[in-house]
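Scroll down for the structure; my scribbles are underneath it.
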Amino acid sequence: MALDGLIVCEQCDLPQLEAPLESGGKAFCSRCGNVLYRLQADGLRRSLIFSLTAAALFLISNSFPIVSIDSQGLTNSTTLLDAADRLVKDGIPSIAVLVFATTFLMPALEIMALIYLLLPLHFGRLPPGLPFAFRLVHLVKPWAMIEVFMLGLLVTISKLNALATVKPDIGLFSFVLLMFMVTAASANFDARSFWKQVDELQELQVNLC
């Protein structure tokens, strides 16, 4: 079997030849039925747009309060970083580190890595340290748990309503939008198309030299 166009199924390790697809089409493994790859027209550009939007929403989400709590005439509001700081002061730093890592650090790294990879590529350039940034995207993705945070936050708000008046703030709405933008950016990031563009740019640079 020729090595050009050879693709290996991630589920059953069956080597197969790459087949041409129409826009939006998917290629399936002939043995186990796993999705081998798909062709997304303009997927990388959409991923970049969603990533840039997610970056703006990330800044808003962490700059403005998530909720405001009014109890017996006393009003208090908090941001995500304030909540992590409060957990440290309450004597549970391990939970604070977990909240900070999964809802702030990892999503930030994923968004920045996507932008770092896609923005130079959009302008026909290759960023330094490209392999490391690509690995970083896949490394931090399982640990970016904005949707889990949102679910836990909504459960907490519903329970607090029995004790105080809880009002959603700008940060909460921004977090909801951020969750969708990060998901959309990841879904449109086609690694196969990405590496094809990288190979084309590398060949172009070699020819120019």
### Task
Would you confirm whether any residue within the range 129-138 is modelled with pLDDT under 90, surrounded by 18 or more Cβ atoms within 10 Å (Cβ to Cβ) and out of contact with any strand residue (DSSP E or B) (no Cβ under 6 Å at 6 or more places or on another chain)?
no
### Task
Give the residues of the range 39-62 that are outside any helix (DSSP H, G or I) and of a type in the set (S, T, N, Q), sorted by residue number.
40
### Filtered residues of the range 163-184 (kept if modelled with pLDDT of 85 or more and hydroxyl-bearing (Ser, Thr, Tyr))
174, 183
### Task
Mind listing whichever residues of the range 63-78 are touching a residue at least 12 places away in the same chain (Cβ under 8 Å) and not in a loop (DSSP other than H, G, I, E, B)?
63, 67, 68, 69, 70, 71, 77, 78
### Message
Looking at the range 24-35, can you tell me whether even one residue there is of a type in the set (Ser, Thr, Tyr), closer than 17 Å to residue 153 by Cα, more than 20 Å from the chain's Cα centre (by Cα) and not in a helix (DSSP H, G or I)?
### Response
no
### Task
Give me a count of the residues in the range 185-194 that are modelled with pLDDT of 85 or more and assigned to a helix (DSSP H, G or I).
5
### Message
Yes or no: the range 8-21 includes at least one residue that is closer than 23 Å to residue 139 by Cβ, more than 25 Å from the chain's Cα centre (by Cα) and either surrounded by 13 or more Cβ atoms within 10 Å (Cβ to Cβ) or modelled with pLDDT of 90 or more (or both).
### Response
no
#### Entry: Breaking point among (1) outside the structural domain of residue 169 (by TED's automatic domain parsing); (2) among the β-branched types (Val, Ile, Thr); (3) surrounded by 15 or more Cβ atoms within 10 Å (Cβ to Cβ), for residue 35
(3)
#### Entry: Candidates 126, 81, 48, 59, filtered to the one that is under 16 Å from the mean Cα position of the chain (by Cα) and either surrounded by fewer than 17 Cβ atoms within 10 Å (Cβ to Cβ) or not assigned by TED's automatic domain parsing to the domain that holds residue 167 (or both)
59
### Query
Only one of (1) under 22 Å from residue 67 (Cβ atoms); (2) under 18 Å from the mean Cα position of the chain (by Cα); (3) surrounded by fewer than 16 Cβ atoms within 10 Å (Cβ to Cβ) is not met by residue 155, so which one is it?
(2)
### Task
Report yes if some residue within the range 62-70 is of a type in the set (Ser, Thr, Tyr), assigned by TED's automatic domain parsing to the domain that holds residue 159 and surrounded by fewer than 18 Cβ atoms within 10 Å (Cβ to Cβ); otherwise report no.
yes
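The values are calculated or read from the model by the stated rules, or taken from the named source; none is laboratory data. Source: prediction; values computed, not measured. Neighbour counts run over all protein chains shown; Cβ positions are idealised from the backbone, glycine included.
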